[in-house]
Structures are given as structure tokens and as C-alpha cells.
1. Somewhere in the range 156-165, is a residue assigned to a strand (DSSP E or B), modelled with pLDDT of 95 or more and of a type in the set (S, T, N, Q)?
2. In the range 270-292, how many residues are surrounded by fewer than 19 Cβ atoms within 10 Å (Cβ to Cβ) and within 19 Å of the chain's Cα centre (by Cα)?
3. In the set D233, D265, D237, which member is under 28 Å from N325 (Cβ atoms), touching an Asp or Glu at 6+ places or on another chain (Cβ under 7 Å) and either part of a helix (DSSP H, G or I) or polar (S, T, N, Q) (or both)?
4. Out of curiosity, is G307 in the same structural domain as G83 (by TED's automatic domain parsing), in a loop (DSSP other than H, G, I, E, B) and either among the small types (G, A, S) or surrounded by fewer than 22 Cβ atoms within 10 Å (Cβ to Cβ) (or both)?
5. Quick check on my filter: what residues within the range 128-154 are of a type in the set (S, T, Y) and either within 16 Å of A176 (Cβ to Cβ) or not in a loop (DSSP other than H, G, I, E, B) (or both)?
6. Output the residue which, of all residues in the range 128-147 that are charged (D, E, K, R) and farther than 22 Å from D102 by Cβ, is surrounded by the fewest Cβ atoms within 10 Å (Cβ to Cβ).
7. Among the residues in the range 168-175, are any more than 25 Å from E209 (Cα to Cα) and at pLDDT 95 or above?
8. Any residue in the range 93-116 that is in contact with a strand residue (DSSP E or B) (Cβ under 7 Å, 6 or more places away or on another chain) and of a type outside the set (S, T, Y)?
Amino acid sequence: MKHIRTSKLDNERFNSIHTEEVLPKLKMTLNVDPSKTMQSIIGFGGAFTEASAYNLLRINKEQRLNAIKAYFDPVDGLGYTIGRVAIHGCDFSLDSFLYIDDHDDSLNSFSIKRDQPIIDLINDASKISGQKVEILASPWTPPFWMKDNNSPIRGGKLLPKYDQIWANYFVKFIKAYEEKGIDIFSVTVQNEPMAVQRWDSCIYEAHDEARFVKVLGKTFEENNLKQHIYIWDHNRDQMLERTKAVLSDKEANKYVYGTAFHWYDQEEFEEVKKTHDAYPDKHLIFTEGCQENGPHYGEYQVGERYGRNILNDLRNFNEGYIDWNLFLDDVGGPNHVNNLCSAPIHIKVFHEEVYRNVSYYYIGHFSKYIMKNAVQIESKADQDLYYVAFKNPDGSYAIIVQNEKDEDYTVEIKGLDEPINILSKAHSISTLII
């Protein structure tokens with residue numbers, strides 16, 4: 001056994017021990033089978049929002065570099081390799097904005113100049129990572145005059161007569177980012193298409209999404225774009241229903257790479273597996289989750305929420321994990337509609353301090369040790385702790401165990417060269433690299 005990953009926050013609560021130490025009577029047997037494989041992993045990351053880029057411009061260059069390293073350094077950071085950007089404004093922009101002048105249906109005024117701080121941040125992250133950070137892009141709303149409510153906020157629907165112009169806008173965006181050296185590996189049709197928000201939002205019923213996917217897919221083909229198209233990009237509880245509805249349209253089906261989903265509302269992890277089982281040829285990616293309602297400094301329950309959600313989604317065939325904002329300030333923003341949230345890293349602007357939240361360390365138990373192209377292997381246990389196992393491309397195994405019980409457990413791992421016993425302490429997470 002090479003190493004057992006433990007959190008730096010609290011050695012007593014998070015530590016794991018080896019077999020020579022005294023182990024508790026409560027026991028879980030975890031059987032792993034490397035011969036039975038599931039999905040491969042594309043990576044872990046977070047969202048390069050305008051708020052995140054802005055917050056790093058509010059502190060000195062040394063701390064900005066430390067903050068980026070904390071996520072993207074493969075040795076001293078979390079090893080992030082993917083990320084997400086908004087196609088023009090979102091709630092975590094400094095305000096609502098577009099890449100074109102109002103009512104410019106020709107798109108001749110298209111410019112991503114405002115995104116330069118985001119682009120700089122992505123390129124700096126790529127340098128630290130040692131590889132290009134690949135980006136998934138999502139719109140929060142089409143331009144306001146293309147919608148039936150003539151507004152960027154409070155939902156509204158894309159007018160069908162604007163489908164082609166809006167699809168062309170996607171193409172303009174992808175090509176503009178590529179010219180800046182940014183790889184857009186995929187897009188989603190719409191962020192949270194069933195949420196009427198007081199910030200940038202747009203409603204797509206299933207038939208609306210299927211209709212637009214057909215236009216977008218054809219437009220990508222005509223422009224020789226290979227970016228994947230994900231549908232839904234909203235909560236788990238309706239992901240199977242939406243996927244079935246869109247994919248029942250045979251023409252739309254051929255353009256849909258997979259289903260993107262968020263964690264808000266209920267933790268209905270079985271919906272992820274049901275979606276995979278119904279469409280095993282399609283793909284799944286988690287594209288957003290955070291703890292709402294401002295900063296949650298030092299709250300272990302938030303860390304456990306992260307670990308529980310990441311782990312269970314991975315068990316159910318999820319292929320990639322993208323957290324929400326990379327960097328928020330002291331109050332959980334900026335957010336132009338005061339929809340403040342927590343993040344794994346907060347920038348305490350006045351003190352120019354980079355603060356790592358509990359969630360940061362929980363994410364690291366996955367992102368730092370499950371490599372790109374790692375494959376999940378079968379794992380089964382006789383107790384209801386949380387667990388998942390992967391085989392990495394270098395031949396090592398990463399096994400994560402999360403214990404949310406109030407009791408310590410001995411965990412015996414079987415199925416590899418020899419049995420391994422570890423201690424899983426109450427309210428802990430441990431990663432074994434074998």
C-alpha cells in the first residue's frame with residue numbers, strides 16, 4: 001500500500017490507521033473486483049465564473065497564484081483538469097451582459113473581450129496543471145429579444161424563429177474561445193431549463209430542447225465542430241424523465257452526447273443510475289453543485305454533503321464532476337442578484353487570504369487520486385458506509401470510504417493481492433492508494 005490520503009483539517013477526525021493499530025469491533029467487509037469495470041473518468045473541476053476571476057484580481061499576485069495552485073497543481077493542489085464557463089452573463093457575473101449589441105441578429109458585433117479575465121485564469125490554470133484545462137460551456141439565457149418575455153431574467157422561452165441565430169451564437173463563442181487557446185470540449189443546451197429565476201434564465205420544455213438540439217447539432221456539423229452536446233443540466237430528480245423525452249425524438253437523439261445534472265433539491269442518486277441503464281450508450285456529467293445561502297466556513301456537514309454526492313454519483317456511472325464557483329469572496333459573491341453561496345475556496349479580500357473550506361478537502365479525496373481515464377471497478381459491502389473503487393491508468397487502485405456514522409468501523413478490503421484492514425473513524429473520509 002503506497003499511501004492513505006487523510007484530510008489536513010483535523011487529524012483526529014480524519015485520520016486512517018494501519019493494521020497494527022487497535023481496530024474497533026464494528027466491521028465492514030468491502031469486496032472489490034477489478035475484472036468487473038464500469039465508466040471511465042474524464043476529470044474533476046470547477047466553474048470559471050466572472051465572480052471567481054474578479055475575486056482573484058482583488059488580491060496580490062502571489063496569493064492569486066497560490067489560489068490557482070490550490071485547485072490545479074497536480075501535486076500540491078486538487079489536480080483539477082476540467083471546468084465550466086457561462087456563455088455570457090449568469091448570476092455570478094457582475095451584471096447581466098451579452099457578447100453582442102442589443103438586437104444585433106447579424107452577430108457582427110460579437111466579442112468576448114469582457115471574458116478576458118476568465119480566459120487569463122483558464123490559461124494560468126492550464127500552465128499550473130501541466131495540461132490544457134478543458135471547458136464545458138453553458139448559457140443561462142439567450143439574448144432577451146430572442147425570448148417570448150423580452151427579458152434575460154424570470155424564465156421566458158426561446159422563440160423558434162431565433163433557433164438558428166442562437167445556434168450560430170454558440171459557434172461564434174466556441175471559435176472565439178479556441179482562438180484564445182481554450183479547448184471547449186462540450187456544451188449544454190441551457191443551464192437549469194425548468195427554473196424561473198430572478199436572474200438570467202430560460203425555460204425549455206422537453207420538446208423545446210429537442211427542437212433546439214436538432215438545430216444546434218446540424219449547425220455544429222456544418223461548421224466542423226466536434227463539441228459534445230449535453231441536455232438537461234438541471235437536478236437529478238427529473239433527469240431520467242427529461243432524457244427519455246428528448247431522446248424519443250430520433251433526430252435529436254443522434255446529436256445528444258449525454259445528460260448533465262446538478263445536485264440541488266433531492267439526493268435521488270438512483271436517478272443517475274436509471275438514466276445510465278436506460279441509455280448506456282449515452283454519457284453522464286455532473287455540472288454544478290454548491291452549498292447555498294452564503295459562506296459556510298468550517299462546517300463539516302457541508303464537506304460530508306460534497307463527499308456523499310460525489311461518491312454516490314460516481315457509483316452510478318457519472319463520468320466527470322464540475323463544482324460551482326472556484327473562488328467566492330467573504331460574503332459568498334459577488335452576485336448581482338444577491339444569490340450568495342459557499343465555495344471550496346473563499347478569498348478574504350481585505351486580508352488577502354486564501355481560505356480553504358472543509359469541502360475543498362473532501363473534493364480532494366476524489367480529484368487528487370482518481371486520475372483521468374481511471375475506470376470504476378465493482379465494489380460491494382455488507383454495511384452502509386459510502387464507498388467507491390477505481391483502477392487508475394498507472395495500475396494503482398483508488399478506494400474511497402466515507403463514514404457518516406457516529407461510530408468507528410474496521411474496514412476489511414478484499415479482492416486485491418491481499419486483504420487490507422483500515423480504520424474508518426466516525427464522520428471521516430479516507431482514500432487508499434494501493
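1. No, the range 156-165 has no match at all.
2. 4
3. It is D237.
4. No; evaluated as a whole, the condition is false for this residue.
5. S129, S138
6. Within the range 128-147, the match that is surrounded by the fewest Cβ atoms within 10 Å (Cβ to Cβ) is K132.
7. no
8. No, the range 93-116 contains no residue that is in contact with a strand residue (DSSP E or B) (Cβ under 7 Å, 6 or more places away or on another chain) and of a type outside the set (S, T, Y).
The values are calculated or read from the model by the stated rules, or taken from the named source; none is laboratory data. All values reported here derive from a predicted model rather than from experimental measurement. Cβ: placed from backbone, ideal geometry, glycine included. Neighbour counts: every protein chain shown.
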